[in-house]
1. When both residues are 6+ apart or on different chains and their Cβ atoms are under 9 Å apart, which pairs have a first residue that lies in region 5-23 and is among the charged types (D, E, K, R), and a second that is assigned to a helix (DSSP H, G or I) and exposed (fewer than 13 other Cβ atoms within 10 Å of the Cβ)?
2. Out of the residues in region 1-53 that are open to solvent by less than 100 Å² (accessible area, probe 1.4 Å), outside any helix (DSSP H, G or I) and of a type in the set (D, E, K, R), state the one that is modelled with the highest pLDDT.
Amino acid sequence: MSDSDNWIKDELLQAFYAVVDDFKNNVIEEDVFKERLLRLAERYERRIGKKELTIEQKDLF
């Protein structure tokens, strides 16, 4: 990613931290934790190399 994409790195880190924090504090179960991490990965996958949305990503935006 280029320097102009720093905002996406910050946003991804904050989202990841929020999910991990919820799991550590027993706010969410392990299956929800895994699902949220996978959804984060799917959402930001397009920003790292892929330019087109996949079918799975279309309902995330």
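1. Correct list of pairs: empty, since none qualify.
2. Arg46
The values are calculated or read from the model by the stated rules, or taken from the named source; none is laboratory data. For clarity, every value in this text was computed on a predicted model and none was experimentally measured. Cβ coordinates were reconstructed from backbone atoms using ideal geometry, including for glycine residues, and neighbour counts include every protein chain displayed. SASA here: full protein model, heavy atoms, side chains in, ligands and nucleic acids out. Shrake-Rupley method; radii C 1.70, N 1.55, O 1.52, S 1.80 Å.
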